[in-house]
Amino acid sequence: MITRALFASSLPLIIAVASTAEDTPHYLPHTLGNPPCLRSCSRSNDVLTYDTLQKCVDRCADLGHCCRNRLDTGDDVEDSSDGLLSCANGCEIAFFSTTVDACELQCEDGNNFDGCDYKHPNPFTKLFDKCGDCDCNKYYAVSSTDCRDGCRQAETLDEFYNYTDIGGCVTEDIPRFLFAGQSNMVGYPGEAKESLFLELINTLKAAGGKKPKIQQMRKYLINASKSTWGSSQMEAKLMFKLRKYIKKKNFNTEDYKKAICSFTDPLDGQLDCERNVSPTACGNDFGPELMFGHSFPKKKSPLKGKRIGIIKIAQGGTTIKKNWMKVNDGKEYNYWQYMVDGITASNGSIEAFVWFQGESDSLDSPDKEDYLDNLTTFVGDVRNEISKSSTKFKTPADVPVVIVELGNWIYLDIDTTVVEAQRTFVNNTANTVRVNTGINDNPKKRLSKFYHFNAASQMIIGDRIAKAVAKLLGEDS
């Protein structure tokens, strides 16, 4: 099945100190609909699985076409090359088409599109990259007829050409939260240790007492990148406190009904649809929204017990002024309009704004020195947009804001300027809360120092955000 983990696997990661060039966000012109819409992912027969697509891709291979199934989880699976759509791309377009003629027309549009990244009109498909290396030990070349071959090969397969778009924009009337930032908001917990999430979940679900569970989790955590004895012990203790959420049967599934989320990356060119919160629903694999979605409905607040939504808009390797601020709206690499469209599509349902960003700014001057002023302006603009969209706020300052502080990687090894700016902003700005992500003078009370927080830290941070939001909403009630 297409998951957000697969969608996000091709996206740029957070800055690495040794190589920042790879994390420059790819520019895609803003192409969101007018008006923008948040609709349920289940509002159409839209589920395309790897196995279904592979049936058509196998036929492409029989014809001598080279490009593979891009839903493959293996390494280096390219969409296409030569600036043209592949036969496999045609198969995928066929799934989201009603007729062969319609599929071939989209192939023609895609081939004629001037650029590497083509966005099929269907809202459930990601961008087609036409400029990769379509190599399967035969040849690289893709011709202008390959995509149409995919349309035709799909014609006799039962799973294809059954698509019906329900159409319209029906946004569920529930309270929502706007989450935004860079790659630690996106997720990437598996980079520290790929197996860690399931190791922790299985330990907490298994029989046994507190002490042996904490000891077992600490053994798993100490093997994650940049973990220390102190951080592993701290994370294990805090994870045990989250067991009441994790022990639920629907925690590690797509069946959790109490929270939904969407993950919009500017590379996709449009707002994502909403799906049940799960470990692969809205990130790579997940960010703080996973535990937030499970713990916030249980917190003491005016929204306790209610079904909630999370609108997540994030992209790795971004700086606040160039990539997010209104002052640069319309320029390359700026994503302010995606924020506006997410707010507009919420239909006034946003209850608070959560911002988790600043690592990239910490690397360079004048970005780090200007961060406090930029953050103040940016949050003010976001508050203004949220306030305009809703009648629940009398003034923009009434919009609750959570600033998620940067972690130990930045604070201990890079620079403290942005962290100090985040603290100053919260201290000087009403109706805001700062969430600590592990910075502490006592090494025994710190969380992960890895630049992408590990699975434990992401879940702990998600719960801390839930507590912060509940506190702000409680103060407002």
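Given the options Q422, Q357, name the one that is surrounded by 19 or more Cβ atoms within 10 Å (Cβ to Cβ), of a type in the set (S, T, N, Q) and closer than 15 Å to N436 by Cβ.
Q422
Has region 394-409 got at least one residue that is assigned to a loop (DSSP other than H, G, I, E, B), of a type in the set (G, A, S) and closer than 18 Å to D364 by Cα?
Taking region 394-409 and keeping what is assigned to a loop (DSSP other than H, G, I, E, B), we get 394-395, 399-400, 405-407.
When the remaining residues are screened for being of a type in the set (G, A, S), the result is 407.
Adding the requirement that they be closer than 18 Å to D364 by Cα leaves 407.
Scanning region 394-409, I find at least one residue that is assigned to a loop (DSSP other than H, G, I, E, B), of a type in the set (G, A, S) and closer than 18 Å to D364 by Cα, so the answer is yes.
Might you check whether a residue that is without any contact (Cβ under 8 Å) to a residue 60 or more places away in the chain, open to solvent by less than 40 Å² (accessible area, probe 1.4 Å) and among the aliphatic types (A, V, I, L, M) occurs anywhere in region 285-301?
Taking every residue of region 285-301 in turn, none turns out to be without any contact (Cβ under 8 Å) to a residue 60 or more places away in the chain, open to solvent by less than 40 Å² (accessible area, probe 1.4 Å) and among the aliphatic types (A, V, I, L, M).
Which one of E385, E405, E351 is closer than 25 Å to V277 by Cβ, open to solvent by less than 20 Å² (accessible area, probe 1.4 Å) and either in contact with a Gly (Cβ under 6 Å, 6 or more places away or on another chain) or not hydrophobic (A, V, I, L, M, F, W, C) (or both)?
Every option except E405 fails the conditions.
Take region 425-445 and flag every residue that is in contact with a helix residue (DSSP H, G or I) (Cβ under 7 Å, 6 or more places away or on another chain), open to solvent by 60 Å² or more (accessible area, probe 1.4 Å) and either at pLDDT below 95 or farther than 21 Å from N374 by Cβ (or both).
Answer for region 425-445, where residues must be in contact with a helix residue (DSSP H, G or I) (Cβ under 7 Å, 6 or more places away or on another chain), open to solvent by 60 Å² or more (accessible area, probe 1.4 Å) and either at pLDDT below 95 or farther than 21 Å from N374 by Cβ (or both): P443, K444, K445.
Between a first residue in region 68-83 that is at pLDDT 65 or above and crowded, with 20+ Cβ neighbours inside 10 Å and a second residue that is outside any loop (DSSP other than H, G, I, E, B) and among the hydroxyl-bearing types (S, T, Y), which pairs have beta carbons less than 6 Å apart while being 6 or more apart in sequence or on different chains?
Here the result reads L71/Y50, each pair linking region 68-83 to a residue that is outside any loop (DSSP other than H, G, I, E, B) and among the hydroxyl-bearing types (S, T, Y).
Can we say G380 is closer than 30 Å to K257 by Cβ and either open to solvent by 10 Å² or more (accessible area, probe 1.4 Å) or not in a helix (DSSP H, G or I) (or both)?
Answer is no for this residue.
V170 fails exactly one of the following numbered conditions: (1) open to solvent by less than 70 Å² (accessible area, probe 1.4 Å); (2) modelled with pLDDT under 95. What is the number of that condition?
Among (1) open to solvent by less than 70 Å² (accessible area, probe 1.4 Å); (2) modelled with pLDDT under 95, the lone unmet condition for V170 is (1).
Taking into account only those residues within region 249-272 that are in contact with a helix residue (DSSP H, G or I) (Cβ under 7 Å, 6 or more places away or on another chain) and among the hydrophobic types (A, V, I, L, M, F, W, C), which is most open to solvent (accessible area, probe 1.4 Å)?
L271
Taking region 277-308, which residues are of a type in the set (A, V, I, L, M, F, W, C) and over 20 Å from the mean Cα position of the chain (by Cα)?
Answer for region 277-308, where residues must be of a type in the set (A, V, I, L, M, F, W, C) and over 20 Å from the mean Cα position of the chain (by Cα): just L303.
Is there any pair with a first residue in region 101-119 that is over 21 Å from D265 (Cα atoms) and in a helix (DSSP H, G or I) and a second that is at pLDDT 90 or above and of a type in the set (D, E, K, R) whose Cβ atoms are under 6 Å apart and which are 6 or more apart or on different chains, and what are they?
Close Cβ pairs (under 6 Å, with a partner that is at pLDDT 90 or above and of a type in the set (D, E, K, R)) amount to E104/R148; C107/R148.
Out of R243, R307, R275, I need the residue that is in contact with a Lys or Arg (Cβ under 7 Å, 6 or more places away or on another chain) and open to solvent by 40 Å² or more (accessible area, probe 1.4 Å). Which one?
R307
Hey, does region 393-412 have a residue that's of a type in the set (A, V, I, L, M) and free of Cβ contacts under 8 Å to residues at least 40 places away in the same chain?
So in region 393-412, the residues of a type in the set (A, V, I, L, M) come out as 397, 399, 401-404, 406, 410, 412.
Add one more test, that the residue is free of Cβ contacts under 8 Å to residues at least 40 places away in the same chain, and what stays is 397, 412.
Yes, region 393-412 has at least one match.
Here's the yes/no breakdown for (1) charged (D, E, K, R); (2) within 20 Å of the chain's Cα centre (by Cα):
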| position | (1), (2) |
| --- | --- |
| A345 | no, yes |
| A352 | no, yes |
| R383 | yes, no |
| T391 | no, no |
| F425 | no, no |
| A430 | no, no |
| V435 | no, yes |
| P443 | no, no |
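What is the one condition in (1) open to solvent by less than 30 Å² (accessible area, probe 1.4 Å); (2) outside any helix (DSSP H, G or I) that Y338 does not satisfy?
(2)
The values are calculated or read from the model by the stated rules, or taken from the named source; none is laboratory data. These numbers were taken from a predicted model, which means no experiment stands behind them. Quick reminder, even Gly has a Cβ in these numbers, built from the backbone with ideal geometry, and neighbours come from all protein chains shown. Just the protein is used for accessible areas: all its heavy atoms, side chains included, with ligands, DNA and RNA removed. Shrake-Rupley method; radii C 1.70, N 1.55, O 1.52, S 1.80 Å.
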